[in-house]
Amino acid sequence: MPTEELLLPETTVTASCGAECAIETYEEVYRKPATLVDVNMHYCPGCAHSLIHKLIMEVVEDMDIQEKTIGIAPVGCSVFAYDYMDIDMQEAAHGRAAAVATGVKRLMPDKYVFTYQGDGDLAAIGIGETIHAVNRGENILIVFVNNAVYGMTSGQMAPTTLNGMKTTTSPNGRSAELTGLPIKVAELMAQLGGAYFVTRQTISSPNAVRRTKKALLQAFQYQTLKKGTCFIEILSNCPSNWKMTPIESMKFIDEEMAKTFPLGDIKVPVTINTKTEGGIQ
Amino acid sequence: MEAKLMKGNEALAEAAIQAGCDAYFGYPITPQSEVLEYLAVEMPKHNRIVMQAESEVASINMVYGAAGAGFRAMTSSSSPGISLMAEGISYLAGAELPCLLVNVNRAGPGLGTIQPGQGDYFQATKGGGHGDYRMIVLAPASVQEMADHVFLGFDLADKYCNPVMILSDGAIGQMMEKVVFQPYIHNKVDKPWATVGKPASRNRNFITSLHIRPEDMEVQNQKLLDKYNLMRKQEVRYEEFQTEDAEYLFVAYGLSSRICQKAVDLAREKGIKVGLFRPISLFPFPYQRLEVLASQVKLMLSVELNTGQMVEDVQLAVKGKVPVEFYGRLGGMIPTPEEVLLHLEKLMQ
Ligand SMILES: Cc1ncc(C[n+]2csc(CCOP(=O)(O)OP(=O)(O)O)c2C)c(N)n1
Ligand code: SF4
Ligand SMILES: [Mg+2]
């Protein structure tokens, strides 16, 4: 996160009563990236969509690529991403972001193109488009926000819902017999020839957030190499539909979700021997 | 201009190149695979994008991405594939993205047959996808028009920021005829809304069909309606053949209009005063001109390769002033001109 000293132009101001008051200089330790629109977000309290938006926009700011970045957000809670990310964006039909991104990137190969997709969107209705885009090695970044439910439509079962997890459409807990086991999407993508960098991260702790940001930064940088698709799965939360407090939901990610979906890099570029901090856990 | 002998589908594909189409996305399906095959060879020569997508769902969404970035993009398919694209077409219309779509209609429903049909008239002109949208629909009746409508279609798409569909059929797509490519000047329109990356000098652009507040959605719907009404005013296209003194009128588009044209000749030889009215734009439909003709003729016969779809628009047009009858062959069967005339003669008695 950028830190710089906030130097005010004057060290004294004149108060309305006429008195001269001294102002202290503060060291800036935190601010929102300028690439994030300064408005209230519609996300539920404690929902990590807002945090993940911010991380992506920080990377765009740090790399100074606002002018060259196009985001695609399909249907899901984050369909309004274009209200928050101060970049050119396209809203896509449910599940179709990878195809839309293909259309954008093929015509503008030197731009940075990313999709931002939920697990219902990417792993259910859009798994076909996703597999084919990754298999073709489209030079895009796919940010896959896995919160194990359909958030937007109020908590139905997703392909990534944990075995035994209760949702509104698996009221007795997801049953492997009836609906299969959760899809390990990142591992699936890593099998495809066009995948260049595949990792699974989370946002459940400050350290995890830093690792996620690092992975995002790497993925954006890799895009200039034109070597294939970068796929970042982020284990995220949905406190509203999980019926948990935000803190409980973060614990749930660490203690439950990460068992089914192990964190760490799954496919890293062979030529560049870098791993995101934390490695395979 | 030198005339070339070409298949309808190939003439259409060649026209796409000459029209400055930046990107084509498609998926094989008979009877239109020649479009993808032709462009797979030719587009790379012009440094353009051609891609075989994994499905029609993907093709139409690739078109969405490319069109949203401000490029000339198109796709083509045949009936079952167009059904798969329906959602995407609705999104394109909702987001007001210009693009060209081609349906080389085969007979259905379901998997149907690969022979020509006109069963997708309703789908093309009355919706097809969800929500309240329209698109200009052009119906070529010759290989020449397969090419001409590509130029026209791209220009109209840009003019209205809306998808335009060419509704052809398996026969027009597959037949070989002479075609002349007139020199075309691509007057590039400004697309300040395109998502090409946001410079500091402007606000961000976003392509969307989402207006969650009903107040906003209604405003957008009204804006779309105004646009559709403008199309209705400005883009009606049709052709008439021997209508000046006609007492009877065939109404037909695409392949059936070709058959009816022959039937008119046969009728005239027999001394029966028959004419042909051929809608070229199926949306907007030429209601007004047909209404005028209604006060001149004794009967109109809508000839279609379906169970009777355009006939409803003809009926709407004439407002009961004249009897409107229907004749159709189904399942990919094509009527002969004699057969069509015989049907008219029966109705005349
Ligand atoms: C074709 C279609 N089917 C269903 C829907 C309804 N729908 C909207 S969002 C959504 C699921 C979103 O879940 P996810 O992608 O996991 O995103 P989240 O809200 O959890 O972030 C569904 C089913 C739709 N918009 N379009
Ligand atoms: S429903 Fe869930 S995913 Fe959607 S905003 Fe609320 S907490 Fe976030
Ligand atoms: Mg989800």
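Across chain B, Cα pairs under 8 Å and at least six residues apart give a relative contact order of 17 percent. Computed on the Cα trace of the stretch A:21-103, the radius of gyration divided by the Kirkwood hydrodynamic radius gives Rg/Rh = 1.09. Diffusion coefficient of the protein assembly as shown by Stokes-Einstein, Kirkwood radius over Cα pairs, 4 °C, 1.567 mPa s: 48 µm²/s.
P(r) tail for the stretch B:238-348, what percent of Cα pairs lie past 21 Å? Could you put the intermediate results ahead of the total?
Values: 1489 of 6105 pairs.
Value for the stretch B:238-348 (Cα pairs over 21 Å): 24 percent.
Between A:Met152 and residues 5 or more places away or on another chain, which pairs have amide H atoms under 5 Å apart, with H built 1.01 Å from N, and which residues are they? Amide H neighbours of A:Met152: A:Cys77. Largest first and in whole Å, the equivalent-ellipsoid semi-axes of the stretch A:33-280 read 26, 20, 18, each the square root of five times a Cα gyration tensor eigenvalue. Against chain B, whose longest principal axis comes from its Cα atoms, helix B:56-68 is set at around 60 degrees.
Inter-label distance, B:Gln182 to B:Phe122: 3.6 nm, where each label sits 7 Å from its Cα along the C-beta direction. Structure note, pairs A:Lys213/A:Lys267; A:Lys105/B:Lys159; A:Lys32/A:Lys213; A:Lys105/A:Lys226: Cα-Cα distances above 19 angstrom occur for A:Lys105/B:Lys159.
For chain B, what is the calculated [θ] at 222 nm in deg cm²/dmol (nearest 500), taking -39500 (n - 2.57) for each run of four or more DSSP H residues and dividing by its residue count?
-13000 deg cm²/dmol
Which shape class, rounded, prolate or oblate, goes with the stretch B:22-167 when its Cα gyration tensor gives a ≥ b ≥ c as root eigenvalues, a/c under 1.5 marks rounded, and past that a/b bigger than b/c marks prolate? Rounded, since a/c falls under 1.5. Farthest towards the positive end of the charge dipole of the protein assembly as shown, among the residues A:Ala208, B:Leu342, B:Tyr27, is the Cα of B:Leu342, using unit charges on the Cβ of Lys, Arg, Asp and Glu.
With the simple model of a label 7 Å out from the Cα in the direction of the Cβ, A:Lys226 to B:Gln52 spans 2.3 nm. A simple spin-label model places the labels of B:Leu5 and B:Trp193 4.6 nm from each other, with each point 7 Å out along Cα-to-Cβ. The mean sequence separation of alpha-carbon pairs under 8 Å and at least six residues apart, normalised by the residue count of the stretch A:126-281, gives a relative contact order of 28 percent.
In the protein assembly as shown, a dipole from Cβ-located charges (positive for Lys and Arg, negative for Asp and Glu) runs towards its positive end, and of B:Tyr248, A:Tyr222, A:Tyr26 it is B:Tyr248 whose Cα lies farthest in that direction.
Around the amide H of A:Thr202, modelled in the peptide plane, lie the amide H atoms of A:Thr212, A:Leu235, all under 5 Å away and 5 or more residues distant in sequence or on another chain.
If contacts are Cα pairs under 8 angstrom and at least 6 residues apart, what is the relative contact order of the stretch B:96-254 in percent? Relative contact order here is 25 percent.
Pop the C-beta distance of B:Asp216 and B:Glu291 into the FRET formula with R0 = 35 Å and round what comes out to the nearest 0.05.
Working: r = 37 Å, r/R0 = 1.07.
The calculated FRET efficiency here is 0.40.
Bear in mind these aren't lab numbers, they're just calculated from the coordinates by the rules spelled out. Computed from a predicted model, the values in this text were never measured in an experiment. Using ideal geometry, Cβ is built from the backbone for each residue, glycine included, and neighbour counts are taken over all protein chains shown.
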